[in-house]
Amino acid sequence: MTNAAFDAVELHRRDLRRPFPRRFRARLTGQTVLTLARRAKYLLAGLSSSETLLMHLGMSGSFSVESQDALSAAAPFEAGLHDHVVFHMSSGATIAYNDPRRFGVMDLLTAAELATHPVLSKLGPEPLSPAFDALALARACKGKTTSLKAALLDQRVVAGLGNIYVVEALHRAGLSPQRRASTIATPSGLPRDAAGRLAAAIKRVLEEAVARSLDADAYRSSRFRVYDREGERCPRSGCSGVVRRRAQGGRSTFYCPACQV
DNA sequence: ATTGAGACCTGTCGGC
DNA sequence: TGCCGACAGGTCTCAA
């Protein structure tokens, strides 16, 4: 959608998780999208005004795109339930943001606000980038008394991991979700073996997820190795453990007590 | 500063 | 069938 401009913007509420910024429609209308990027779980659209449209899908947000030829004067776009924002683009496309739980976010940031953003500016490395490795992970976990599970969900340690992929990566690495984060590093922040295994497991889990997401059938039918598999046999070859579930920080953790140490 | 618990919302699913 | 509680892939805030 780069190079398309916002011809019109419909706003059907004044807030999602937070209020929309002041003059949201006026500031967006007429602007051209020059760049599209992702950082952690945020989407960033760079605008011709040099502002940035920041978007987050929360838990239940989604975008749908209707092309020009799917719509007509006789049957124009009609916002459905939970279609909170609708973008009418100069390309003819209509883009609707739907979000039943409204945990999503949209904001408009000036270049200065983007650079100093209290969340964005503190995000950790992208897990699939070379900057994320055993050393980076060890440094970030050094001295942390919290659990490995909580540390990996902390977007300042590594950016973009959510509950499922943290659970999957910890199983892949053979590390207990309850284990103290500091134990994967030496006191000076150098990586122990566990840090290398964990960094590699995170990359592998995400690479596989990306590959699956490119195949609609594989994606729909896909399940995970331990997530949502309470009571099933541990999938690790040679392990005869049973997957357990427990609450950690209010969210479900799935793990094998036999092979995750 | 760090940490853990609770809050924010609506929809869906399983059990009675 | 309908009702009810538990739970959902994410942050943020607050209190210790």
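The values are calculated or read from the model by the stated rules, or taken from the named source; none is laboratory data. What you are looking at is a predicted structure, and each value in this text was computed from that prediction instead of being measured. Positions of Cβ are generated from backbone atoms using ideal geometry, with glycine treated the same way; all protein chains shown enter the neighbour counts.
Figure legend. Inter-residue proximity from the range A:25-47: first residues under 13 Å from A:Thr2 (Cβ atoms), second residues crowded, with 19+ Cβ neighbours inside 10 Å and polar (S, T, N, Q), beta-carbon distance below 6 Å, spacing 6+ or different chains. Indicated pairs: A:Leu44/A:Thr52; A:Gly46/A:Thr52; A:Leu47/A:Gln31.
Scanning the range A:136-153 for residues that are modelled with pLDDT of 95 or more and closer than 30 Å to A:Glu51 by Cα turns up at least one hit.
Restricted to the range A:1-58, and to residues there that are among the β-branched types (Val, Ile, Thr) and part of a strand (DSSP E or B), the residue that is surrounded by the fewest Cβ atoms within 10 Å (Cβ to Cβ) is A:Thr35.
One line per residue, one yes/no per condition, for (1) within 28 Å of A:Arg244 (Cβ to Cβ); (2) hydroxyl-bearing (Ser, Thr, Tyr):
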| position | (1), (2) |
| --- | --- |
| A:Pro127 | yes, no |
| A:Leu135 | no, no |
| A:Asp154 | yes, no |
| A:Ala159 | no, no |
| A:His171 | yes, no |
| A:Ser176 | yes, yes |
| A:Pro187 | no, no |
| A:Leu190 | no, no |
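Among the residues of the range A:166-211, the one identified as among the acidic types (Asp, Glu) and closer than 16 Å to A:Phe132 by Cβ is A:Glu207.
Of the residues screened, A:Leu81 is not one that is in contact (Cβ under 8 Å) with a residue 40 or more places away in the chain, outside any strand (DSSP E or B) and within 16 Å of DNA strand C (Cβ to nearest atom). Comparison of A:Phe87, A:Phe63 shows that the only residue that is at pLDDT 95 or above, within 16 Å of DNA strand C (Cβ to nearest atom), on the phi < 0 side of the Ramachandran plot and part of a strand (DSSP E or B) is A:Phe63. For A:Arg236, the criteria (1) over 18 Å from A:Asn163 (Cβ atoms); (2) out of contact with any Cys (no Cβ under 8 Å at 6 or more places or on another chain); (3) basic (Lys, Arg) hold in every case but one, which is (2). Out of the residues in the range A:239-248 that are out of contact with any Ser or Thr (no Cβ under 8 Å at 6 or more places or on another chain) and of a type outside the set (D, E, K, R), which is farthest from A:His171 (Cα to Cα)? By that ranking, first place goes to A:Ser240.
Going through A:Gly61, A:Gly46 one at a time, which residue ends up being away from DNA strand B (no atom under 16 Å from the Cβ) and either in contact with a Lys or Arg (Cβ under 6 Å, 6 or more places away or on another chain) or not hydrophobic (A, V, I, L, M, F, W, C) (or both)? Among A:Gly61, A:Gly46, only A:Gly46 is away from DNA strand B (no atom under 16 Å from the Cβ) and either in contact with a Lys or Arg (Cβ under 6 Å, 6 or more places away or on another chain) or not hydrophobic (A, V, I, L, M, F, W, C) (or both).
Listed here are the residues, each with its yes/no results for (1) free of Cβ contacts under 8 Å to residues at least 12 places away in the same chain; (2) in contact with a helix residue (DSSP H, G or I) (Cβ under 8 Å, 6 or more places away or on another chain); (3) surrounded by fewer than 11 Cβ atoms within 10 Å (Cβ to Cβ).
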residue: A:Ala74; (1), (2), (3): yes, no, yes
residue: A:His88; (1), (2), (3): no, no, no
residue: A:Met106; (1), (2), (3): no, yes, no
residue: A:Thr110; (1), (2), (3): no, no, no
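Output the residue which, of all residues in the range A:136-185 that are among the charged types (D, E, K, R) and in contact with a strand residue (DSSP E or B) (Cβ under 6 Å, 6 or more places away or on another chain), is nearest to DNA strand C (Cβ to nearest atom). Across the range A:136-185, the extreme among qualifying residues is A:Lys149. Within the range A:1-52, the set of residues being under 26 Å from A:Val158 (Cα atoms) and within 16 Å of DNA strand C (Cβ to nearest atom) comprises A:Leu16, A:Arg17, A:Arg18, A:Ala37, A:Arg38, A:Arg39, A:Ala40, A:Lys41, A:Tyr42, A:Leu43, A:Leu44, A:Thr52. Annotation note: Cβ proximity below 8 Å between a residue of the range A:221-244 that is outside any loop (DSSP other than H, G, I, E, B) and a residue that is acidic (Asp, Glu) (sequence gap 6+ or interchain) occurs for A:Val242/A:Glu232; A:Arg244/A:Glu230.
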